[in-house]
Amino acid sequence: MGPMRHDETPTLSPPGTPGTPGTHAPGSPAPGPLPWMLRIVTVGLVLAALNLRPAITSLGPLLEEVRDTLHMSGSVAGVLTSVPPLCFAVFGFMAPRLARRFGAGAVVCAGMVAIAAGLLLRPFVGGTAGFLAASALALMGIAVSNVLMPVIVKRWFPDRVGTMTGLYSMALALGTALAAALTVPLTDALGGSWKTGLAVWAALAVVAILPWLPLVRDRGPGSDRSAGQAPKPAPALRITRSRTSWALACFFGLQATAAYITMGWMPQIFRDAGIPAGTAGVLLAVTMAMGVPLAFVIPRVASRLRTQGPIVLVLSGCGLAGYAGLYLAPAGGAWLWALLLGIANCAFPLALTMIGMRSRSGAGVVRLSAFAQSTGYLLSIPGPLLVGVLYQHSGGWGLPLALMAALLVPQTVAGMLAGRDRTIEDEC
């Protein structure tokens with residue numbers, strides 16, 4: 001027998017038709033999902049992924065205007081850029097329990113509603129506290145959807161984990177880039193108010209609600225109310241005993257630190273170098289847009305390799321080169337540094353792919369996704385805040401960039417460990 005491909009998961013049966021009792025005869029294969037349901041899930045994944053970053057990257061190009069209006073210091077702005085990973089950590093831990101009770105489709109649908117409401121309210125509630133609270137509402141929806149994306153892929157597409165992870169990762173990168181590039185032009189076109197420029201992204205979230213409505217009653221694997229089945233106890237998998245789980249959590253957290261520092265502060269680095277706000281937003285968009293093709297390619301390549309360490313090394317090397325360029329010639333080589341950092345940011349789809357590959361079962365992926373993402377985001381909280389403090393007290397970008405480059409070293413080590421050919425079931 002030849003070696004099994006990493007994206008094959010024979011221990012997970014294809015899901016039955018959502019919302020219908022499991023009445024097939026004992027011993028016969030479970031009925032597969034209807035093709036039209038697979039198409040709806042695919043559209044839902046793409047639209048949901050488009051909404052997982054605009055709440056963050058739409059803010060970066062307008063951060064200076066928001067700070068001036070709300071009278072934020074550099075340290076408070078650093079807190080603002082640390083809110084996303086904090087919310088992702090806190091609310092991400094809730095996602096598996098919510099999915100077991102209500103079903104993953106219902107939770108993602110509610111997440112899209114929360115994103116739409118938060119983005120619509122955020123610019124108009126008034127004051128820094130209200131801005132943070134509305135941001136937290138949107139980020140709560142993003143957090144649970146973040147965790148459940150790999151779960152939904154494993155449930156509906158168990159034999160195409162790499163391909164579908166690449167598809168929604170590509171859509172996530174596209175949404176990230178569009179928000180960064182279009183926020184300033186949209187703000188200018190809609191009257192010049194940053195409030196309108198931020199609120200307009202709520203419309204995209206409203207559209208994303210629609211394909212998830214038919215999936216609200218889905219009680220597939222991961223739900224404790226699966227149709228026609230008695231609740232099954234969760235497998236006794238002590239994920240904290242797995243070294244791979246911790247390595248993956250650290251890798252996820254350190255790449256998230258780099259990503260949120262980039263999304264929150266890179267436009268300001270370029271603006272401080274004399275680049276106009278609109279161009280700074282486009283440069284951030286270029287960084288994010290690199291993830292559109294690479295987020296589709298990297299998961300497919302990673303799923304065919306026994307170990308993912310070589311990919312980790314390439315991405316880290318690009319990150320180091322990008323940070324060095326931002327320090328030495330931020331304006332002169334701005335486009336090149338944006339491209340290099342965009343490649344480095346593709347550690348995110350690589351981490352998502354490894355989550356799907358490091359467990360043999362859907363239940364294992366649920367636990368690993370929640371643990372790695374929530375723990376990782378918890379580890380990433382201090383990074384953007386520390387960058388804001390260093391920037392304010394040093395008056396320049398030398399120390400923040402040195403910190404960002406230094407963090408790439410443990411990120412590389414953790415990625416090499418997480419990319420080894422093993423599963424958490426082997427270690428637990």
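The values are calculated or read from the model by the stated rules, or taken from the named source; none is laboratory data. Treat the numbers as computed from the prediction; the structure is a model and nothing was measured. Every residue, glycine as well, gets a Cβ built from its backbone with ideal geometry; the counts of neighbours run over all protein chains shown. Heads up: the accessible areas ignore ligands, DNA and RNA and are worked out on the full protein's heavy atoms, side chains in. Shrake-Rupley method; radii C 1.70, N 1.55, O 1.52, S 1.80 Å.
Based on the alpha-carbon set only, what is the convex hull volume of region 151-193 divided per residue, in Å³?
It comes to 74 Å³ per residue, whole-number rounded.
With θ taken as phi - 60° and the coefficients 6.51, -1.76 and 1.60, list the Karplus ³J(HN,Hα) couplings across region 278-286 in order, rounded to whole Hz; mark glycine and proline as x.
So the Karplus estimates, Gly and Pro as x, are x, 5, 4, x, 5, 4, 4, 4, 4 Hz.
With a ≥ b ≥ c taken as the square roots of the eigenvalues of the C-alpha gyration tensor of region 311-393, please select rounded if a/c is under 1.5 and otherwise prolate if a/b is larger than b/c or oblate if it is not?
Note, shape of region 311-393 comes out oblate.
When the chain is fully extended, how far beyond the present Cα-Cα distance does Thr307 get from Asp159, taking 0.36 nm per residue of separation?
Contour length minus Cα-Cα distance gives 51.4 nm.
Please find the FRET efficiency linking Ala129 to Arg97, where r is the Cβ-Cβ separation and R0 is fixed at 41 Å, and quote it to the nearest 0.05.
0.90
Over region 286-350, how many percent of alpha carbon pairs lie in each 5 Å bin up to the one with the longest distance?
Over region 286-350, the share of Cα pairs per 5 Å bin runs 4, 20, 27, 22, 14, 9, 4, 1, 0 percent.
Placing unit charges on C-beta atoms (Lys and Arg positive, Asp and Glu negative, everything else neutral), compute the dipole magnitude of the chain about its Cα centre in debye, rounded to 20.
1200 debye
Could you check the simple spin-label distance between Arg238 and Val207, using points 7 Å along Cα→Cβ, in nm with one decimal?
4.9 nm
About the Cα centre of region 285-424, how large is the charge dipole given +1 on each Lys and Arg Cβ and -1 on each Asp and Glu Cβ? Please answer in debye to the nearest 20.
600 debye
Give, in whole angstrom and from largest to smallest, the semi-axes √(5λ) of the equivalent ellipsoid of the chain, with λ running over the eigenvalues of the Cα gyration tensor.
Listed largest to smallest, the semi-axes of the chain are 36, 25, 18 Å.
Could you state the orientation-averaged shadow area of the convex hull built on the Cα atoms of region 69-130, in nm² to one decimal?
The Cα convex hull of region 69-130, projected and averaged over all directions, gives 4.8 nm².
Could you please state how large a percent of the accessible area of the chain is carbon and sulfur, counting protein chains only and using a 1.4 Å probe?
69 percent
Once you put a point 7 Å from the Cα of Leu34 and another 7 Å from the Cα of Asp68, both along the Cβ direction, what distance in nm separates them?
Between Leu34 and Asp68, the simple spin-label model gives 5.5 nm.
Treating the angle as unsigned and between 0 and 90°, give the value, to the nearest 10°, between the Cα long axis of helix 382-394 and the longest Cα principal axis of the chain.
So the helix axis and the longest Cα principal axis differ by about 10 degrees.
Given a Förster radius of 22 Å and the C-beta distance between Leu190 and Asp272 as r, what FRET efficiency does 1/(1 + (r/R0)^6) yield to the nearest 0.05?
Taking R0 as 22 Å, the efficiency between Leu190 and Asp272 is 0.25.
Considering the dipole of the chain built from charges on the beta carbon (Lys and Arg +1, Asp and Glu -1) around the Cα centre, which of Val207, Leu283, Gly126 is farthest to its positive end?
So the residue we want is Val207.
Give the calculated FRET efficiency between Ala331 and Asp421 to the nearest 0.05, with a Förster radius of 45 Å applied to their Cβ-Cβ distance.
The calculated FRET efficiency here is 0.55.
Apply the Karplus curve 6.51 cos²θ - 1.76 cosθ + 1.60, θ = phi - 60°, to the phi angles in region 112-123 and return the couplings in whole Hz, x for Gly and Pro.
Result, ordered by residue: 5, 5, 5, 4, 4, 5, x, 5, 6, 7, 3, x Hz.
Would you mind telling me which residue in Val161, Val366, Val297 has the biggest mean-square fluctuation in a Gaussian network model of the chain, where springs connect alpha carbons within a distance under 10 angstrom?
Maximum among the listed residues: Val297.
Count neighbours as other Cβ atoms within 10 Å of each site's Cβ, and list the chymotrypsin sites (Phe, Trp or Tyr not before Pro) in region 65-162 that are DSSP loop with at most 13 such neighbours.
Phe124
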